[in-house]
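Novice: Here it is, the structure, as structure tokens.
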Amino acid sequence: MESPVIRLLLVEDDREDVFLFRKLLNKIRPLRFDLVVCEGVKEALKILDQQHIDLIISDFVLGLESGLDLLKHLRKSETAPPVIMITSMDQREVDIACMRAGAKEYLKKGSMTSELLDRTIRYTLRNHQAEQDLKAALNVRDQMLSIISHDICAPIATLRSTFKFCAEQVEQQPTPTLKKFLSRGETNAEQLLDLTTKLLHWARAQTDHLVVAPEVIECVDLIRTVHAALEPVLHGKELELVAEVEQDAIIYADREMVETVLRNLLSNAIKFSHHGKTVYLTIRTVKDETHLIVRDEGLGMGEELRASLFDQRKKTSRPGTSNEAGHGLGLMLVKSFVQRNHGAIEVESELGVGTTFTVKLPNHVVSTKS
């Protein structure tokens, strides 16, 4: 199996050094490089804005500019690639300044060999990936703590108060009053169970412990299963689900995950639809993909909210048309499950008009080879 190609940006204004650097890279095996060269900071930032770069190697002195200027700009971005700084100067102060500014490694041109460059590149990329994994894990932890402290503790407190009231007033209060409070407690328990289930699914999806077991799924059968689960909610808001499914449409993915994806998207459509309206579900085959399209005629979203829907760092939950509670986990779970099954998700929405989610999943066996 061939090694993946590393997109490497070399920021160097000396042509001879660029030539020597190419020679060193060509000696490194089995790593493969797609080398992009520029001479200054502005040009480098423009390239980073337009292309995906895995690693930057920059000279410290770039005419009137410095590699420190590049590092200063990169520190503003959370997704900036790692930087290895190179220089012909032999000053410890320069080394320290570069590392403090954010460079991952520091090499001197006169002593650079292909072996040293190879080790430095491998170490830098491995260390950068470890840092990204740690940030992702900390983000998951913070998100879970936020949800537990806000969205789980509140319904538990309400549930406790409801049962305490019923226990204390069971002999004094008339039956209709007790039924009302018990019904309220049941609703809180259902919301809590739904949230806890989504939270656990989502947390597992952020780790490597989630097993994906793809199989052939017949879409007609999929619709039947999901519709049955949502029938009570549809009935409660007097909504009609209109499904248009190609008779032979299939999906090759994990059945439980696909059911979760579709159930969450339809639940969202129901939540933000007005009483008596219609929710539309269309499933069709497009070449080697099957598209699941969920459309509603509900509240819709503005551009800012739509753009941040799948951002774990932002809380995008809002109440539904019947003041249904939300916690923002459903769509993050949907995106994670779709990606785990080699799919993609798109959203179109207009405030006051409605929202359309399109999930694209494979309808054939997908190779996982690099």
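The values are calculated or read from the model by the stated rules, or taken from the named source; none is laboratory data. Please read these numbers as outputs of a predicted model, since none were measured by experiment. When we count neighbours, we look across all protein chains shown, and the Cβ atoms used for this are built from the backbone with ideal geometry, even at glycine. Surface accessibility is based on the protein's heavy atoms, side chains included, excluding ligands, DNA and RNA. Shrake-Rupley method; radii C 1.70, N 1.55, O 1.52, S 1.80 Å.
Novice: So, with +1 on the Cβ of K and R and -1 on the Cβ of D and E, and no other charges, what is the size of the charge dipole of region 40-93 about its Cα centre, to the nearest 20 debye? Intermediate values should be presented prior to the final figure.
Specialist: Working: 6 positive and 9 negative charges, 33 e Å.
So the magnitude is around 160 debye.
Novice: Using the beta-carbon distance between Ser183 and Ala157 and R0 = 25 Å, what value does 1/(1 + (r/R0)^6) give for FRET efficiency, to the nearest 0.05?
Specialist: The value I calculate is 0.90.
Novice: Relative to 2.2 N^0.38 Å, what does the C-alpha radius of gyration of region 50-123 come to as a ratio? Two decimals please. Walk me through the numbers on the way to the answer.
Specialist: Details: Rg = 12.2 Å, N = 74, 2.2 N^0.38 = 11.3 Å.
So region 50-123 has a normalised radius of gyration of 1.08.
Novice: Label Lys46 and Val18 with points 7 Å out from Cα along Cα→Cβ: what is the distance between them in nm?
Specialist: Placing both labels 7 Å along Cα→Cβ, they lie 1.4 nm apart.
Novice: Multiply the residue gap between Arg224 and Gln169 by 0.36 nm, knock off their C-alpha separation, and tell me the result in nm, one decimal place. Mind dumping the intermediate values first?
Specialist: Details: separation 55, 0.36 × 55 = 19.80 nm, distance 4.35 nm.
Result: 15.4 nm gained on full extension.
Novice: Out of these labelled values of mean projected area of the Cα convex hull in nm², (i) 24.4; (ii) 17.4; (iii) 21.8, which was calculated from the coordinates shown here?
Specialist: (i)
Novice: I need to check one value: relative contact order of the chain, counting alpha carbon pairs closer than 8 Å and at least 6 residues apart, in percent.
Specialist: Details: 545 pairs, mean separation 42.7, N = 370.
Answer for the chain is 12 percent.
Novice: Accessible area of the chain with a 1.4 Å probe: how many percent of it is carbon plus sulfur? Show your work: numbers first, answer last.
Specialist: On the way: 10900 of 21150 Å².
Carbon and sulfur atoms account for 52 percent of the accessible area of the chain.
Novice: At 1.4 Å probe size, with every protein chain present, just tell me what the per residue accessible area of the chain comes to in Å².
Specialist: For the chain, the per-residue accessible area is 57 Å².
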